[in-house]
Amino acid sequence: MTARLPILAQVQDRGILEQKSLKNPDGRIGAKERVDPPVQMEWEYKNLELKIRAAEESLNQLMEQQDLVTETVLDRQRAIKEQEQAIQGLNDQIEKIRKEANEENIKPFVKIKQVVYTGTTIKGKQASLIIHTD
């Protein structure tokens, strides 16, 4: 898409230059040094005009697409920054909780509301326990 922009701009510029070369200084079509019949020059002029319009339309469409893509990229970059900040905030909270846990040296415990039967295994992150009595 972006590679086509310079090409279309060149087509448009070339067409405008060729159109100017077909005009007399007084604005009429048909340069003095040209030997082409006026009808042929008129046809060339109109043909160039159509090419210029087509190139302009394509340029405008591509520029609109480029603007949309740029806007989308910027929106996504903003969203990424927001998510990175949220992640950093969560990482900070995790680190804070880890430090507090290490400083307090709290022993892990299990609360039981009813009965635990013999042979029940309680597994933790760093230890496990097998209950020997009800």
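Some observations on this one:
- Any hit, the range 108-119, residues being open to solvent by 100 Å² or more (accessible area, probe 1.4 Å) and under 37 Å from the mean Cα position of the chain (by Cα): no
- Scanning the range 57-66 for residues that are free of Cβ contacts under 8 Å to residues at least 24 places away in the same chain, under 30 Å from Val11 (Cα atoms), acidic (Asp, Glu) and surrounded by 10 or more Cβ atoms within 10 Å (Cβ to Cβ) turns up at least one hit.
Yes/no per residue for (1) modelled with pLDDT of 85 or more; (2) farther than 30 Å from Glu18 by Cβ; (3) exposed (fewer than 10 other Cβ atoms within 10 Å of the Cβ):
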position	(1), (2), (3)
Glu44	no, no, no
Ile87	yes, yes, no
Glu100	no, yes, no
Asn105	no, yes, yes
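The values are calculated or read from the model by the stated rules, or taken from the named source; none is laboratory data. Keep in mind the model is a prediction, meaning the values are calculated, not measured. Here Cβ is always computed from backbone atoms with ideal geometry, including for glycine, and neighbour counts include all displayed protein chains. For the accessible areas, the whole protein counts, side chains as well, though only heavy atoms, and no ligand, DNA or RNA atoms are used. Shrake-Rupley method; radii C 1.70, N 1.55, O 1.52, S 1.80 Å.
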